[in-house]
Amino acid sequence: MNDKGKYQPLSYFQLMEVSLRELLVEKGILSEEEIAQEVEAMRNRGYERGSRVVAHAWRDPAFKGRLLQNATQACEELGLEIPGLKLLVVENTRDVHNAIVCTLCSCYPRLLLGIPPDWYKSRNYRSRMVREPREVLAEFGLVISEKTQIRIHDSSADMRYLVLPMRPAGTESWSEDRLAELVNRDCLLGVAVPKGPKD
Amino acid sequence: MAAARFKPGEKVRVRKAFPLGHVRTPYYIRGHTGEVERVCGAFANPEELAQMRDGLPPQPLYRVRFLQREVWPDYRGNPADVVEVEIFQHWLEPA
Amino acid sequence: MIERSHHDMGGLPAGKVERVEHDYADWERRVDAMVQVLRFGGKITVDELRKNIEALPPQAYDAMSYYEKWIASLTQTLLQRGMVTTDALARKMIEVEKRGGR
């Protein structure tokens, strides 16, 4: 395995990574192929699966009901491979806005959204999101009305969360693919809302 | 599996303890009172798993809803704003 | 005086959230991959990994990048489980460094 680009001496932790990996491979605990496969799998995983779940729920109210009841089962219904994921979907409405944080580390629905962004893992987000969510959301450019209830979900244990945003107006006839394009990762975490044709 | 002691809607208080070890009950919520939003199921105890033990029998895990204005004395925002935290049964007592 | 673990930061004062996202380097992706494969293979638990990250001294916790923390924690976890030894690691690190790290 080679790192692309300029040659630089390894940092202490990069040296640790190479060394640990070689030891594990020598002992037969891991293989280079397994590691490479997993790297590829995560490289290709963006948030598309999350967007698709939302778009499907928008178009199919019965599915949406099942999603809110038992999200893991509903995702499996769609043929998504989510081994071990215990998912909980929280729905935004006119009266309720949801957002996700993991104050203790950086728990994240990786199987649906890929690797979490740096800011989600940052001290500032993890510290402030439970205490002053409106201020943090405003920094993200999202101002939530005082009349709307904010629900912050702290992923402290085994559950993982996905926000089901409100479907934008003017999208009634849209296909699932077209709807999915409106839903980016920030919408699925509750730090943004999808913009429709009328926004 | 240990039986679920609490039901959705029930008021529970988070134990005010600060033990060493790997704990998944956040510091900010200890000692506070909230309402059970749902029973998530039962899971192996992370405090034990962290010590390379099996954490069995699985313990009931709850999502507990707390009013932000009760958790933070200086909270500004909608008085109905909440924070919802997953808490294991052994950290909860009836309120 | 009640001890609060450095990682348990919910509610503490902090600064503006910087919306940075960096493209992960190959070595970081490999750390991530090793963690996932070992977890999925039932060789380690995420709880041990978390415990070992939480055990980092506060200055180290703040100064180290995400994957620096994870490789350190993964190494500690494997040492604790006896899947690698400190001696083997030391020898390997010297060997890797000698051949220019590749």
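Is it true that A:S175 is of a type in the set (S, T, N, Q), within 21 Å of A:L67 (Cβ to Cβ) and within 18 Å of the chain's Cα centre (by Cα)?
no
Would you tally the residues in the range A:143-185 being out of contact with any strand residue (DSSP E or B) (no Cβ under 9 Å at 6 or more places or on another chain), among the acidic types (D, E) and either outside the structural domain of A:L88 (by TED's automatic domain parsing) or part of a loop (DSSP other than H, G, I, E, B) (or both)?
First, the residues of the range A:143-185 that are out of contact with any strand residue (DSSP E or B) (no Cβ under 9 Å at 6 or more places or on another chain): A:143, A:146-147, A:167-185.
Still in the list and also among the acidic types (D, E): A:146, A:172, A:176-177, A:181.
Next, only the ones that are either outside the structural domain of A:L88 (by TED's automatic domain parsing) or part of a loop (DSSP other than H, G, I, E, B) (or both) stay: A:146, A:172, A:181.
Number satisfying all stated conditions: 3.
Can you list the helices (runs of 4 or more DSSP H) found entirely within the range A:8-90 that contain at least 3 residues being aliphatic (A, V, I, L, M)? Can you show your working first?
On the way: elements: A:12-26, A:32-43, A:48-59, A:61-69, A:71-77.
Filter on the range A:8-90 gives A:12-26, A:32-43, A:48-59, A:61-69.
For the range B:17-30, what are the residues that are touching a residue at least 40 places away in the same chain (Cβ under 8 Å) and either outside any loop (DSSP other than H, G, I, E, B) or among the β-branched types (V, I, T) (or both)?
Within the range B:17-30, B:T25, B:Y28, B:I29 qualify.
Could you list, in sequence order, all residues of the range C:61-86 that are aliphatic (A, V, I, L, M), more than 8 Å from the chain's Cα centre (by Cα) and within 11 Å of chain A (Cβ to nearest Cβ)?
Of everything in the range C:61-86, those that are aliphatic (A, V, I, L, M), more than 8 Å from the chain's Cα centre (by Cα) and within 11 Å of chain A (Cβ to nearest Cβ) turn out to be C:M64, C:L78, C:L79, C:M83, C:V84.
Which pairs turn up if I take residues in the range C:18-29 that are free of Cβ contacts under 8 Å to residues at least 60 places away in the same chain and look for partners that are part of a loop (DSSP other than H, G, I, E, B) and of a type in the set (K, R) with beta carbon separation below 9 Å, at least 6 apart in sequence or on another chain?
What qualifies is C:D26/A:K4.
I need the helices (runs of 4 or more DSSP H) fully contained in the range C:1-69, keeping only those with at least 2 residues that are in contact with a Lys or Arg (Cβ under 9 Å, 6 or more places away or on another chain) and more than 22 Å from A:Q37 (Cα to Cα).
Because the criterion is at least 2 residues that are in contact with a Lys or Arg (Cβ under 9 Å, 6 or more places away or on another chain) and more than 22 Å from A:Q37 (Cα to Cα), the helices (runs of 4 or more DSSP H) in the range C:1-69 that meet it are C:46-54, C:58-63.
Here's a check for you: in the range B:71-95, which residue that is aliphatic (A, V, I, L, M) and in a strand (DSSP E or B) is surrounded by the fewest Cβ atoms within 10 Å (Cβ to Cβ)? Walk me through how you get there before you give the answer.
Taking the range B:71-95 first, the residues aliphatic (A, V, I, L, M) are B:71, B:80, B:82-83, B:85, B:87, B:92, B:95.
Subsequent filtering for residues that are in a strand (DSSP E or B) retains B:82-83, B:85, B:87, B:92.
Values: B:V82: 23, B:V83: 31, B:V85: 29, B:I87: 27, B:L92: 21.
For the range B:71-95, the residue satisfying everything is B:L92.
Does C:A88 fit the bill of being without any contact (Cβ under 8 Å) to a residue 24 or more places away in the chain, of a type outside the set (D, E), exposed (fewer than 12 other Cβ atoms within 10 Å of the Cβ) and more than 25 Å from A:G84 (Cβ to Cβ)?
It is false that C:A88 is without any contact (Cβ under 8 Å) to a residue 24 or more places away in the chain, of a type outside the set (D, E), exposed (fewer than 12 other Cβ atoms within 10 Å of the Cβ) and more than 25 Å from A:G84 (Cβ to Cβ).
How about the range A:172-189: which of its residues are crowded, with 18+ Cβ neighbours inside 10 Å and more than 19 Å from A:G114 (Cβ to Cβ)?
A:W174, A:L179 - these are the residues of the range A:172-189 that are crowded, with 18+ Cβ neighbours inside 10 Å and more than 19 Å from A:G114 (Cβ to Cβ).
Only residues that are at positive phi and within 14 Å of chain C (Cβ to nearest Cβ): list them for the range A:60-109, please. Even if it seems obvious, please write down each step before you answer.
Our first condition is that a residue be at positive phi; within the range A:60-109, this holds for A:79, A:84.
If the condition is that a residue be at positive phi and within 14 Å of chain C (Cβ to nearest Cβ), then A:G84 is the only one that fits.
Return the residue satisfying two criteria in turn: it lies in the range B:31-62 and is assigned to a loop (DSSP other than H, G, I, E, B) and in contact (Cβ under 8 Å) with a residue 24 or more places away in the chain, and of such residues it is surrounded by the fewest Cβ atoms within 10 Å (Cβ to Cβ). Break it down into steps so the answer makes sense when it comes.
Going residue by residue through the range B:31-62, those that are assigned to a loop (DSSP other than H, G, I, E, B) are B:31-32, B:44-45, B:50-58.
Retained after the next criterion (residues that are in contact (Cβ under 8 Å) with a residue 24 or more places away in the chain): B:32, B:45, B:50-51, B:57-58.
Values: B:H32: 18, B:N45: 24, B:A50: 23, B:Q51: 15, B:P57: 10, B:P58: 14.
So the residue we want is B:P57.
Could you tell me whether A:R128 is within 11 Å of chain C (Cβ to nearest Cβ), in contact with a helix residue (DSSP H, G or I) (Cβ under 6 Å, 6 or more places away or on another chain) and basic (K, R)?
For A:R128, the condition - within 11 Å of chain C (Cβ to nearest Cβ), in contact with a helix residue (DSSP H, G or I) (Cβ under 6 Å, 6 or more places away or on another chain) and basic (K, R) - is met.
Any chance the range C:39-56 includes a residue that's more than 7 Å from chain A (Cβ to nearest Cβ), under 18 Å from A:Y125 (Cβ atoms) and either surrounded by fewer than 16 Cβ atoms within 10 Å (Cβ to Cβ) or over 13 Å from the mean Cα position of the chain (by Cα) (or both)?
Looking for residues that are more than 7 Å from chain A (Cβ to nearest Cβ), under 18 Å from A:Y125 (Cβ atoms) and either surrounded by fewer than 16 Cβ atoms within 10 Å (Cβ to Cβ) or over 13 Å from the mean Cα position of the chain (by Cα) (or both), one finds none in the range C:39-56, hence no.
Taking the range A:60-106 only, how many residues are surrounded by fewer than 13 Cβ atoms within 10 Å (Cβ to Cβ) and of a type in the set (A, V, I, L, M)?
Start the filter on the range A:60-106 by keeping residues that are surrounded by fewer than 13 Cβ atoms within 10 Å (Cβ to Cβ), which leaves A:61-62, A:65, A:69, A:73, A:79, A:81, A:83-84, A:93-95.
Then drop every residue that is not of a type in the set (A, V, I, L, M), which leaves A:62.
Here the count works out to 1.
Mind listing whichever residues of the range A:125-142 are assigned to a loop (DSSP other than H, G, I, E, B) and of a type in the set (V, I, T)? Quick ask: steps written out before the conclusion?
Step one: of the range A:125-142, the residues assigned to a loop (DSSP other than H, G, I, E, B) are A:129-132, A:140-142.
If the condition is that a residue be assigned to a loop (DSSP other than H, G, I, E, B) and of a type in the set (V, I, T), then A:V130 is the only one that fits.
The values are calculated or read from the model by the stated rules, or taken from the named source; none is laboratory data. These numbers come from a predicted model, not from an experiment. Quick reminder, even Gly has a Cβ in these numbers, built from the backbone with ideal geometry, and neighbours come from all protein chains shown.
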